[in-house]
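The values are calculated or read from the model by the stated rules, or taken from the named source; none is laboratory data. Keep in mind that this is a model prediction, so the values were computed, not measured. For neighbour counting, all protein chains shown are included, and Cβ atoms are generated from backbone atoms with ideal geometry for every residue, glycine included. Only protein heavy atoms, including side chains, enter the accessible area calculation; ligands, DNA and RNA are left aside. Shrake-Rupley method; radii C 1.70, N 1.55, O 1.52, S 1.80 Å.
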Amino acid sequence: MDLIIKNGTLVTESNTYQADIAVKDGKIVAVGAGFDESGAEVIDASGLMVLPGAIDVHTHLAMPFGGTVSADDYFSGTRAAACGGVTTVFDYAIQRKGSGIVDTVEARRKMADPDACVDYAFHCAITDLDGGKLLDEFDAAVAYGVPSFKCFMVYKKEGMMVDDGTLAQILLKSKEAGVMTNVHAENPDLIDMLIAQFLKEGKTSAWYHYLSRPEYVEAEADKRAIHWAKAMDAELYIVHLANEEGVDAVTEARDAGYKIYAETCPQYLHFTSDVYKREDGRNFVCSPPMKGQSSQDALWEALKRGDISTVATDHCPFQSYEKDWGKDNFTKIPNGCAGIENLYPYILSAANEGKITFNKAVEVCAFNPARLFGCATKGALMPGYDADIVLYDPNKAFTISKDNMHSDYDHTIWEGVSLKGYPVKTYSRGKLVFDDGAFVGEKGWGKFVKRVSRKG
Ligand code: DUC
Ligand code: ZN
Ligand code: ZN
């Protein structure tokens, strides 16, 4: 045995119990008691919770966007992930006109491989089907280990948006190929109309970012995507769901038996649109924007009932000077916020405060992401699974500051937020990568996760 974690309280998506974990060659080999300790490193986890590492299925590392590139690359982003108990990071590889799916993913994989500190995977965002040719590549992408694609229903000017016809074709082909279709759902025409109106009226503060993308802008696109998925009887995963009407539409479709899944993000669970009235409101600009209190309440309720399946971050930070480009014009603010290091601590703190159970926290941050996106050996503490393990101290108080984070950004929307409990150790395939506040991992340790398709 290489490592034995003993005397801890194991928390899975369905169970909480006392047990020891034995690790060999990066894998969990046994869960129980009375293991032979000879030659093994033995960690006493008395008073700690032992959890599967989180899986952040939504990040944008080194992403060219908004006239710049997001502040965390594959090294700093995955270093921060490790320090927040995230042991697998899913990034979005954006396909561009003229490129294939596998080529697109391989190019990003080349960037990630020498840098990643924890394991990583990609979804491919398809922006152009090349007259249908890309549909013929779905099977090859699945065989390569990428069984999930994204459609942006916005970002027309940025050349990333797909129209309804393209979305419908992708949904149909995805069903056949065992692919999960992810959508960023907002209505581009409504956004353009509202932006034009506000700029004409000289309304340029960050508050108008929210008002140009209010609840109904997101809800319309959620409902449209759900409509198409239902009509095709295809699976659909709505990323960063943030509005109440969308939650209701997802719930209704799920109640009727459709395979519709939703993700939300910690920022939507914690902040409301009021942040855009603040002097530093531009720092909170992301799309979709934070919404009103009733949407936030609906998100928590849906999370508790199981109509929101995952929590992920949409981690896409920009530096203060870049956010400042939009001080006098909200349309010039690069969209995106930090979150990769805050995901698990935030959701676990919510559990520690009694808002949800610890089992639910593990379910939405580790178990469901692994199952929905085909990580066959991740998201659970069971023999044969990767030893991606977090030790969590429920009694450790922690206040988030950019100075105790491990990203490359110079500010965070989470500054000053206090948490009850905090991870104290993270293991990635049995290797200690985070220890009591410090990153102790290794650049290049992270491996590409070859995922299995929705067909198994
Ligand atoms: N939204 C953001 O805020 N940033 C990156 C991409 C996105 O959809
Ligand atoms: Zn998005
Ligand atoms: Zn995103």
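How large is the translational diffusion coefficient of region 22-112 in µm² per second when you combine the Kirkwood radius over alpha carbon pairs with Stokes-Einstein at 20 °C and 1.002 mPa s?
Estimated diffusion coefficient is 130 µm²/s.
Using only Cα atoms, locate the centre of region 252-318 and the centre of region 224-238, then give the distance between them in Å, rounded to an integer.
If we compute the Cα centre of each part, the gap is 20 Å.
With contacts defined as alpha carbon pairs under 8 Å and 6 or more residues apart, what's the relative contact order of region 190-267 in percent?
27
Given a 1.4 angstrom probe, I'd like the percentage of the accessible area of region 53-372 that is carbon and sulfur, rounded to a whole number.
50
Which shape class, rounded, prolate or oblate, goes with region 121-177 when its Cα gyration tensor gives a ≥ b ≥ c as root eigenvalues, a/c under 1.5 marks rounded, and past that a/b bigger than b/c marks prolate?
Since a/c reaches 1.5 and a/b is larger than b/c, the shape of region 121-177 is classed as prolate.
How high is the relative contact order of the chain, in percent, with contacts defined as C-alpha pairs under 8 Å that are six or more residues apart?
Across the chain, relative contact order equals 23 percent.
Going out from 0 in 10 Å bins, what whole percent of all Cα-Cα distances in region 77-125 drops into each bin?
Once binned at 10 Å, the Cα pair distances of region 77-125 give 27, 49, 21, 4.
Enumerate the calculated ³J(HN,Hα) couplings along region 397-411 in order (Karplus 6.51 cos²θ - 1.76 cosθ + 1.60, θ = phi - 60°), each rounded to whole Hz, writing x wherever the residue is Gly or Pro.
Listing the rounded values in order: 8, 8, 10, 6, 8, 4, 6, 9, 9, 10, 9, 9, 7, 9, 7 Hz.
Using packing as a proxy for protection, rank 136-146, 110-120, 269-279 so that the peptide with the highest average count of other Cβ atoms within 10 Å comes first.
So the peptides 136-146, 110-120, 269-279, ranked by packing, come out 110-120, 136-146, 269-279.
May I ask you to list the GluC sites (Glu not before Pro) in region 14-114 that are in a DSSP loop and have at most 14 other Cβ atoms within 10 Å of their Cβ?
Here the sparse-neighbourhood loop sites are Glu37.
What pairs in Lys156/Lys291; Lys6/Lys431; Lys97/Lys223 have C-alpha atoms more than 20 Å from each other?
The answer is Lys156/Lys291; Lys97/Lys223.
Compute the semi-axes of the equivalent ellipsoid of region 303-456, taking the square root of 5 times each eigenvalue of the Cα gyration tensor, and list them largest first in whole Å.
Its equivalent ellipsoid spans semi-axes of 28, 20, 18 Å.
Less than 12 Å Cβ to Cβ from Gly159, Lys/Arg counted +1 and Asp/Glu -1: what total charge do the surrounding residues give?
Overall, the nearby charge balance is +2.
For region 195-253, report the accessible area per residue in Å² (1.4 Å probe, heavy atoms, rounded to an integer).
That works out to 39 Å² for each residue.
Quote the convex hull volume per residue of the chain, based on C-alpha atoms, as a whole number of Å³.
Taking the convex hull of the Cα positions in the chain, it is 124 Å³ per residue.
Net charge around Gln169, counting only other residues with Cβ within less than 14 Å of its Cβ (Lys, Arg = +1; Asp, Glu = -1)?
-4
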